[in-house]
Amino acid sequence: MTDDITIRPVLTAPDRRRFVDLPHRLYRDDPHWIPPLRREALALITPARNGWFSHAEAQLFLAERDDVVVGRISAHIDTLALTMPPDRGFGPGVGQWGLFEAEDAAVAARLIVSAEGWLRDRGMIRALGPISMSVWEEPGLLVDGYDHPPTVMMGHAKPEYRGWIEGAGYHPVKRLLTYDLDITRPFPPLVQRIVRSGERNPRIRVRTVDKSRFDEEAALILSILNDAWSDNWGFVPLTAPEIADVGVKLKPIVYENLIRIAELDGRPVAFMITLPDLNEVLKPLGGSLFPFGWAKLLRWLRRPRVRTVRVPLMGVLKELQSSRLASQLAFMMIEYIRRASVEGYDASRAEIGWILDDNQGMRSIADAIECRVNKVYQIYARDL
């Protein structure tokens, strides 16, 4: 029976808090779920605190049973995504939903219908999900890799969600892969030779970022990123308001020797961003910095020691992507960051991704350094 379920829009600040609090109950017995900081989760869904809303609109919904919140979902339309080529995932008439959580299958079905109705009322003819809320945040549903925690800025989900979403008529349209890498071992001899060859090339310089010029370096990386990723499935260019918000969020966990920019003849042409896995320190905090979480987090930020680092973004200008130079620059940046991660942060593993399942260039690089796929996320679609 589903008639005891009430679906209503989120309209007030208390509603937003209930929306954010629900996963803390649903996952309380899951040892691999990482409670996000509530203030960060609230910022994501608050237009005044998330630059993504400068080009998007969203409606959040709560599902309730006997006045208890038992599910949630967001429905959203990104005006920039509507302008993208249809053969790359988005395009005219394509809306999204995300931030999906449900206590049972009946709740899930009602939530998805509500999100679809909101999108249909605004002229959308196709829905993609889950995308929470931007493709740059936590896209896709975890479908493989439930047995270990996600790294920073990656999602987690209950295994049941896959069946519930597919049962609502959705079919997978894209897989996103993350790779696990043992960084305590040197790379294979071939990769080492490629790195040494690059080091002998006077045209190539691989440098660390300068955090004292944070805004300038961020703008430089953004320009490479928007060019390098522009032909990828699901690409939507990052905007200035989003970059400003991401900068505020990530600056505390930006460490100069974990982010590299590759230059060719003095011109920046590639970058690689690596972050220490903040989730390792967040997990015991339970989503709150009070009363003692602030002190623990600040102490960790001054000198982070982690088991894992994550590579969320890497890019080479399109003009070089079909050349051998592209992989050489990638191997050089990966090697330098591997050394820094082990020597400076005590890390023993890296997670690379997500990587689109049809991105053969990046998957070849991952294979060459002997990575293995450790998590798979899936994006679904359905015509409305």
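The values are calculated or read from the model by the stated rules, or taken from the named source; none is laboratory data. Keep in mind it's a predicted model, so treat the numbers as computed, not measured. Cβ placement follows ideal geometry from the backbone for every residue including glycine, while neighbour counts extend to all protein chains displayed.
Leu297 satisfies every condition listed in (1) of a type outside the set (Ser, Thr, Tyr); (2) touching a residue at least 24 places away in the same chain (Cβ under 8 Å); (3) surrounded by 15 or more Cβ atoms within 10 Å (Cβ to Cβ) except (2). Of the candidates Gln321, Gln378, the single residue that is touching a Pro at 6+ places or on another chain (Cβ under 6 Å) and either modelled with pLDDT of 95 or more or of a type outside the set (Phe, Trp, Tyr) (or both) is Gln378.
Restricting attention to the stretch 27-50, the residues being outside any loop (DSSP other than H, G, I, E, B) and under 23 Å from Val281 (Cβ atoms) number 8. If you go through the stretch 155-186 and keep only what is among the acidic types (Asp, Glu) and within 28 Å of Ala368 (Cα to Cα), you end up with Asp180, Asp182. Selection of the stretch 1-35 for residues being among the acidic types (Asp, Glu) and either within 27 Å of the chain's Cα centre (by Cα) or farther than 16 Å from Glu64 by Cα (or both) yields Asp15, Asp21, Asp29, Asp30. If you check Asp215, Asp231, Asp277 for being in the same structural domain as Met332 (by TED's automatic domain parsing), of a type in the set (Asp, Glu), within 25 Å of Thr79 (Cβ to Cβ) and touching a residue at least 12 places away in the same chain (Cβ under 8 Å), only one passes: Asp231.
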